[in-house]
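The values are calculated or read from the model by the stated rules, or taken from the named source; none is laboratory data. These numbers were taken from a predicted model, which means no experiment stands behind them. As a convention, Cβ positions derive from the backbone with ideal geometry for all residues, glycine included, and neighbour counts pool all protein chains shown.
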Amino acid sequence: MMEEKKILLKNVGVIDPGCIDDAIRAGGYEGLKKALKMAPAQVIDELERSGLRGRGGAGFPTGMKQKFTSDSCLKCPQRYVVVNADEGEPGTFKDRVIMEKDPHLYLEGTIIAAFAIQATKGYIYIRGEYHESIRKTEQAIRDARNKGFLGKNILGSGFDFDVEIKLGAGSYLCGEELTMLESLEGKRGHPRIKPPFPAEKGAFGMPTLVNNVETLANLPRIIEHGSEWYRTIGTERSPGTKIFTISGQVAKPGYYELPMGVTLQELIDLAGGMRNGRAFKAALLGGAAGTFVDASMLNERMTYDNLREKGATLGSGAVIVLAEGDNVSDILYNCLRFFKHESCGKCVPCRVGTAQLVNKAGQLRNGHSGNTTLLQQMVREAEIMAGTSLCPLGQSPILPLESFSRYFKELQ
Amino acid sequence: MLESGYFLNIYLYFGRHFSGLLDMAGAQQHCLRGASKHQDQKVLTDKHIHMSTEEIIKQFEPAQHNLLNILHAVQNSHPQNYLTEQALEETARYLKLTKSSVYGVARYYTMFSLKPRGRHLIRLCVSPVCELLKANDILAILQKHLGIGVGETTSDGLFTLEFSECLGQCQEAPSMMINDQVYNGLDEEETGRVLEEIRKKK
């Protein structure tokens, strides 16, 4: 059986997350010490060589993002690091685990990222419902300041950096990087038009690096052990590990850190197999903005590229498992209701379209006649929304819808 | 040793909802937690019941980017968990923003309320995972116990029932939050027990 490969989560459950001395004894801030002895460009090179890709869902190469941000607008008086800790994708709780159980790991990663792009100020945008994550992060920041890991002249290197926590307030859309920056500036969570990307014009109009919590948690390990070591884990194009959060009809739902390239079947086996020995029916990969798969995908390797080639997504690493007897169209309805609730209303196709889709999904789940046509209509509408909405929210309903229609058309 | 054993017993007695105590038990042994050298001691999620709106707002630098943090802190300080018109006005004045822009932000985010709510805010998770694992049953139980619908407040002003999108507790669904506490693996018995416990504390 596949075994867990704990790189990020190796100290989870071992250290007291409220105690910085504990974290330091377990090797915390060693990556930072090493990074501060390197040139910022060397840190970026090392990250580029590692092949690390953003763990928020899009899988964009992290080193490249840092390079863009570092090289952009050299005259700008300020550049920022923003930590995306607005975890809200249904079925996802990997960032919560890091923030609650080993907050110093991602804080260290944040400081390394700031050093790499020479940012002196950072923000951690945490969703408002994550009280425990907020408290643990507040404590971690205070303790890191006291130890000289944050503030002026960090560890005598001459590098200054400090961070501040910004709270979200119940908007899923603010997990999208440009919308997050609007919210961070104290405005309504409406998406910005891109380009410009945050690397050029981010928070307060300055070059900004926006990284996910799990992405940043990789940085200390990569710097400490080197990119060659990192590349021995995972696959050629998706190196490293991924924290999968598996839930639904499995015996042991939870978070599992595994090398990239694990199969869905291996993950289900690790999670104790199916609950009460029921048969597998479907999984929703990547949450509401993800894709349904059926049993034919159980042995596909879960990497960004392989899943994309097969018409599926890895996304945030959320895996929601359904068993024989569960109604897949109930879950589809739930996802579409979610989008309707979270649509900000700025783009008309998204505002009207998400409501339309919920109405039709309601008919679908009540088993009204003419369902194949109904489903085709829904896919068509979602395609229009995807082509005419500004941000990923309006572009997402097509993902669960199209995959649902591919695998579960006959069932309706 | 004696001390940490004592905390551990409390932990075992009260069960999983007080897991913070276990952290403390560990911390007693080897983690020195001295007072911070820095002044920034405000805890963003605390209930500042003893402070006035003005005192709370003044803890923050008067810049627009602090707006959401301020609204959270002000709302937390109100026993009815909401933002009064006066609070919005004071915030707007302090940040030199128009009243309408502050109102617009407060209206946009679902965690903020412009109407009075109960002292205890129940947020039932209605994510796909919780729905799959019978969150609807928990909703029926909550409604039966409280005698209210979603978005309503009990007549004694104690509870307001709301829905929440995924709370990120999917390993032990179905889940809900009451104020800042998460309750997982809910069934009829557990849901009733939690409500009773809060009623007794008032």
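Name the helices (runs of 4 or more DSSP H) wholly inside the stretch A:301-389 in which the number of residues that are within 14 Å of chain B (Cβ to nearest Cβ) is 3 or more.
A:328-342, A:348-365
Scan the stretch A:242-265 and report the pairs whose first residue is more than 14 Å from chain B (Cβ to nearest Cβ) and whose second residue is polar (S, T, N, Q) and not in a strand (DSSP E or B), with Cβ atoms within less than 7 Å and a gap of 6+ or a chain change.
A:260/A:235; A:260/A:238; A:260/A:303; A:261/A:235; A:261/A:238; A:261/A:303; A:263/A:299; A:265/A:299
With surrounded by fewer than 20 Cβ atoms within 10 Å (Cβ to Cβ) and more than 10 Å from every other protein chain (Cβ to nearest Cβ) as the only criterion, which of A:120, A:110 stands out? Spell out the reasoning first.
Working: A:110 fails: surrounded by fewer than 20 Cβ atoms within 10 Å (Cβ to Cβ).
On inspection, the qualifying residue turns out to be A:120.
Limited to the stretch B:168-184, what total is found for residues that are touching a residue at least 60 places away in the same chain (Cβ under 8 Å), outside any loop (DSSP other than H, G, I, E, B) and within 11 Å of chain A (Cβ to nearest Cβ)?
1
Suppose we filter B:78, B:72 for residues that are touching a strand residue (DSSP E or B) at 6+ places or on another chain (Cβ under 8 Å), closer than 30 Å to residue B:155 by Cα and not assigned by TED's automatic domain parsing to the domain that holds residue B:163; which single one remains?
Selected residue: B:72, the only one of B:78, B:72 that is touching a strand residue (DSSP E or B) at 6+ places or on another chain (Cβ under 8 Å), closer than 30 Å to residue B:155 by Cα and not assigned by TED's automatic domain parsing to the domain that holds residue B:163.
Among the residues of the stretch A:19-55, write down those that are under 20 Å from residue A:100 (Cα atoms) and either in a helix (DSSP H, G or I) or within 24 Å of the chain's Cα centre (by Cα) (or both).
Matches in the stretch A:19-55: A:20, A:21, A:22, A:23, A:24, A:25, A:28, A:29, A:55.
Is the stretch A:173-190 home to any residue that is farther than 21 Å from residue A:66 by Cα, within 10 Å of chain B (Cβ to nearest Cβ), in contact with a strand residue (DSSP E or B) (Cβ under 8 Å, 6 or more places away or on another chain) and in a loop (DSSP other than H, G, I, E, B)?
No, that holds for no residue.
Out of A:289, A:279, A:295, I need the residue that is crowded, with 24+ Cβ neighbours inside 10 Å and either of a type in the set (D, E, K, R) or in the same structural domain as residue A:263 (by TED's automatic domain parsing) (or both). Which one? I'd like the intermediate steps shown before the answer.
Details: A:279 fails: crowded, with 24+ Cβ neighbours inside 10 Å; A:295 fails: crowded, with 24+ Cβ neighbours inside 10 Å.
The conditions single out A:289.
Within 9 Å of chain A (Cβ to nearest Cβ), buried (at least 16 other Cβ atoms within 10 Å of the Cβ) and closer than 27 Å to residue B:46 by Cβ, is that true of residue B:165?
The answer is yes for residue B:165.
Run residue A:165 past the list (1) surrounded by 20 or more Cβ atoms within 10 Å (Cβ to Cβ); (2) touching a Ser or Thr at 6+ places or on another chain (Cβ under 8 Å) and report the number of the one that doesn't hold.
All conditions are met except number (1).
Residues to consider are B:155, B:113; find the one that is surrounded by fewer than 21 Cβ atoms within 10 Å (Cβ to Cβ), within 18 Å of the chain's Cα centre (by Cα) and in a loop (DSSP other than H, G, I, E, B).
B:113
Looking for whichever is under 25 Å from residue A:226 (Cβ atoms) and either outside any helix (DSSP H, G or I) or out of contact with any strand residue (DSSP E or B) (no Cβ under 9 Å at 6 or more places or on another chain) (or both) here; the options are A:87, A:108. Which one fits?
A:108
Identify, by number, the condition in (1) out of contact with any Ser or Thr (no Cβ under 7 Å at 6 or more places or on another chain); (2) on the phi > 0 side of the Ramachandran plot; (3) of a type outside the set (Lys, Arg); (4) at pLDDT 95 or above that residue A:359 doesn't meet.
(2)
Within the stretch A:131-145, identify whether any single residue is outside any helix (DSSP H, G or I) and within 11 Å of chain B (Cβ to nearest Cβ), and answer yes or no.
no
Hey, among A:64, A:99, which residue is closer than 30 Å to residue A:305 by Cβ, surrounded by fewer than 24 Cβ atoms within 10 Å (Cβ to Cβ), assigned by TED's automatic domain parsing to the domain that holds residue A:155 and modelled with pLDDT of 95 or more?
That would be A:64, the only listed residue that is closer than 30 Å to residue A:305 by Cβ, surrounded by fewer than 24 Cβ atoms within 10 Å (Cβ to Cβ), assigned by TED's automatic domain parsing to the domain that holds residue A:155 and modelled with pLDDT of 95 or more.
For the stretch B:123-133, check the following and say yes or no: at least one residue is of a type in the set (Val, Ile, Thr) and outside any loop (DSSP other than H, G, I, E, B).
yes
Given the conditions (1) surrounded by fewer than 24 Cβ atoms within 10 Å (Cβ to Cβ); (2) at positive phi; (3) not basic (Lys, Arg), which single one is not true for residue A:267?
Just one mismatch for residue A:267, condition (2).
Considering only residues of the stretch A:191-210 that are surrounded by 24 or more Cβ atoms within 10 Å (Cβ to Cβ), touching a strand residue (DSSP E or B) at 6+ places or on another chain (Cβ under 7 Å) and part of a loop (DSSP other than H, G, I, E, B), which is nearest to the other protein chains (Cβ to nearest Cβ)?
Out of the qualifying residues, it is A:202.
Can you name the residue in the stretch A:279-292 that is over 20 Å from the mean Cα position of the chain (by Cα) and part of a strand (DSSP E or B) and is also farthest from the other protein chains (Cβ to nearest Cβ) among such residues?
Applying the filter and picking the extreme gives A:280.
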